Amino acid sequence: MTRTNARIDQDRLWESLTDMAKVGPGIAGGNNRQTLTDEDAEGRRLFKSWCDAAGLEMGIDDMGSMFAHREGTDPDALPVYIGSHLDTQPTGGKFDGVLGVLGGLEVVRTLNDLGIQTKHPIVVTNWTNEEGCRFAPAMVASGVFAGTIDKDWAYAREDAKGKRFGDELERIGWKGAEKAGARQMKAYFELHIEQGPILEDEGIDIGVVTHGQGLKWLQVTLTGQEAHSGGTPMYKRRNAALGMARVIELVHEVTMDYQPDAVGNVGHVEVHPNSRSTVPGRTVLTIDIRSPEKEVLDVMDQRIREGIALISEALDIEHEIEQVGAFDPVAFDRDCVQMVRSAAEGLGYSHRDIVSGAGHDACWINRVAPTAMIFCPCADGLSHHEDEDIEPEWAAAGCDVLLHAVLEAAVVVA
Ligand code: HGY
Ligand code: MN
Ligand code: MN
């Protein structure tokens, strides 16, 4: 095989995906490898052992992100980065994020097999806490790297048990010395499953991701008054759970006004004291709204805030709204996107332009380096679900395109 018709090793990629899936197993065949847990640490060790075997030099930054470096012939040339994330949702799948990290490793393994040298070094990256489920927000380490999130604010984020991000990073032993964001990149490529149904429904091999939709996470705290659920008359209640229910309905109603592109969700809720015979005095919920258009995102944000104020007034409860995550809609780099498109064409894979519904580390890295993403289909478009699944051939096609896009960016010299 030569540079032009180089292909990755599908069986080896699939074997690595299968081995990583054994780390932090879920309860129904997927994964629960949440960030900065012992399972995450085990997955990191496994990834590092594979990088060591591939002759890569590992760097770690002070957010715990991992950078496995393959030498280029010109050590002064800015590296081409390939990355994604190894952390998962609590009921996550085996491929969300993992395909992008291990696909990057497979690219390096293939170059080693073929003895292909590139002018620019190549770096395979695992970003800490892409999912944002244990510690909000999502994409926090790539956000610190891109200079849009303050590191100390990130360190102070707490999980549901009050554990701090910074302390957990120290505890698992993956806090590096490098300052996050000190690295310079020539380009960044991320391979990811689509996490939606379009590619599979249309029978298309590759998604050429031109844009990513914008996102806002609003954490809402509603405060009423705990009271006895038997002795307290309905008219005297200040029910924070009723407020939560009405806010969830509000998010749905506002979002439905901006179809088909806008989406809204409330996936995180807390009810205090969560006792059967007590009217809840406090509820906490996170609103997740997204749209490819910034204006729509902003008007949804405003309408929801106005609606929460009216709900609170009607129920005589207090409300506090904190924006805990946000990024504007992203347009990826045209040259890098074209490298993806021409790689798919050169390899004979069907492809179509697509907008990412999910957020990715690439959305932040796009602010500091020319960036593009490659999608492969996923079964029934399902993700953030333990049944998340892909065909080995889908993974291989995406990784082949990643290989050739990276080779174009990194410039083959031998
Ligand atoms: O929220 C997201 O879109 C990503 O999966 N963390
Ligand atoms: Mn992901
Ligand atoms: Mn995800």
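The values are calculated or read from the model by the stated rules, or taken from the named source; none is laboratory data. Here the structure is a predicted model, which means the values were calculated and not measured. Reconstructed Cβ throughout: ideal geometry from the backbone, glycine too, with neighbour counts over all protein chains shown. What goes into the accessible areas is simple: the full protein's heavy atoms, side chains included, and nothing from ligands, DNA or RNA. Shrake-Rupley method; radii C 1.70, N 1.55, O 1.52, S 1.80 Å.
Condition first: more than 16 Å from ligand 1 (Cβ to nearest atom) and either assigned to a loop (DSSP other than H, G, I, E, B) or over 21 Å from the mean Cα position of the chain (by Cα) (or both). Can you find one or more residues in the range 95-106 that meet it?
Checked the range 95-106: no residue is more than 16 Å from ligand 1 (Cβ to nearest atom) and either assigned to a loop (DSSP other than H, G, I, E, B) or over 21 Å from the mean Cα position of the chain (by Cα) (or both).
Kindly check whether there is at least one residue in the range 240-262 that is open to solvent by 10 Å² or more (accessible area, probe 1.4 Å), part of a strand (DSSP E or B) and more than 27 Å from Trp364 (Cβ to Cβ).
no
Among the residues of the range 320-337, count how many are out of contact with any Pro (no Cβ under 8 Å at 6 or more places or on another chain) and crowded, with 20+ Cβ neighbours inside 10 Å.
Residues in the range 320-337 being out of contact with any Pro (no Cβ under 8 Å at 6 or more places or on another chain) and crowded, with 20+ Cβ neighbours inside 10 Å: 4 in total.
Could you give me the residue pairs with C-beta distances under 8 Å whose first residue belongs to the range 37-62 and is more than 19 Å from Pro25 (Cα to Cα), whose second residue is open to solvent by 60 Å² or more (accessible area, probe 1.4 Å) and in a helix (DSSP H, G or I) wherever it lies, and which are 6+ apart or on separate chains?
Note: pairs meeting the criteria are Ala54/Asn112; Gly55/Asn112; Met58/Lys48; Met58/Asp52; Asp62/Lys151.
Which one of these is touching an Asp or Glu at 6+ places or on another chain (Cβ under 6 Å) and either modelled with pLDDT under 95 or buried (at least 21 other Cβ atoms within 10 Å of the Cβ) (or both): Ala180, Ala154, Ala187?
Ala180
Among the numbered conditions (1) of a type outside the set (A, V, I, L, M, F, W, C); (2) touching a residue at least 60 places away in the same chain (Cβ under 8 Å); (3) open to solvent by 10 Å² or more (accessible area, probe 1.4 Å); (4) touching a Phe, Trp or Tyr at 6+ places or on another chain (Cβ under 9 Å), tell me where Gly173 comes up short.
(4)
Scanning the range 118-133 for residues that are open to solvent by 10 Å² or more (accessible area, probe 1.4 Å) and more than 11 Å from ligand 1 (Cβ to nearest atom), which turns out farthest from the chain's Cα centre (by Cα)?
For the range 118-133, the residue satisfying everything is Lys119.
Take the residues in the range 189-206 that are within 14 Å of ligand 2 (Cβ to nearest atom) and assigned to a strand (DSSP E or B); name whichever of them is nearest to Pro79 (Cα to Cα).
Glu190
In the range 338-351, what residues are open to solvent by 10 Å² or more (accessible area, probe 1.4 Å), in a helix (DSSP H, G or I) and not small (Gly, Ala, Ser)?
Those that are open to solvent by 10 Å² or more (accessible area, probe 1.4 Å), in a helix (DSSP H, G or I) and not small (Gly, Ala, Ser): Gln338, Met339, Arg341, Glu345, Leu347.
Among the candidates Asp361, Asp316, Asp288, single out the residue that is open to solvent by less than 10 Å² (accessible area, probe 1.4 Å), of a type outside the set (Phe, Trp, Tyr) and either within 21 Å of Leu250 (Cβ to Cβ) or within 16 Å of ligand 3 (Cβ to nearest atom) (or both).
Asp361
Given Ala136, Ala77, which one is surrounded by fewer than 19 Cβ atoms within 10 Å (Cβ to Cβ) and either assigned to a loop (DSSP other than H, G, I, E, B) or at pLDDT below 95 (or both)?
Ala77
Yes/no matrix, rows are residues, columns are (1) within 24 Å of Glu15 (Cα to Cα); (2) open to solvent by less than 10 Å² (accessible area, probe 1.4 Å):
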position	(1), (2)
Asp353	no, no
Ile365	no, yes
Thr371	no, yes
Cys376	yes, yes
Glu386	yes, no
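Any residue at all in the range 273-280 that's among the β-branched types (Val, Ile, Thr) and not in a strand (DSSP E or B)?
Checking the range 273-280: not a single residue is among the β-branched types (Val, Ile, Thr) and not in a strand (DSSP E or B).
Tell me which of these Arg237 doesn't satisfy, since it passes every other one: (1) under 21 Å from Glu270 (Cβ atoms); (2) open to solvent by 70 Å² or more (accessible area, probe 1.4 Å).
Going through (1) under 21 Å from Glu270 (Cβ atoms); (2) open to solvent by 70 Å² or more (accessible area, probe 1.4 Å) one by one, Arg237 breaks only (2).
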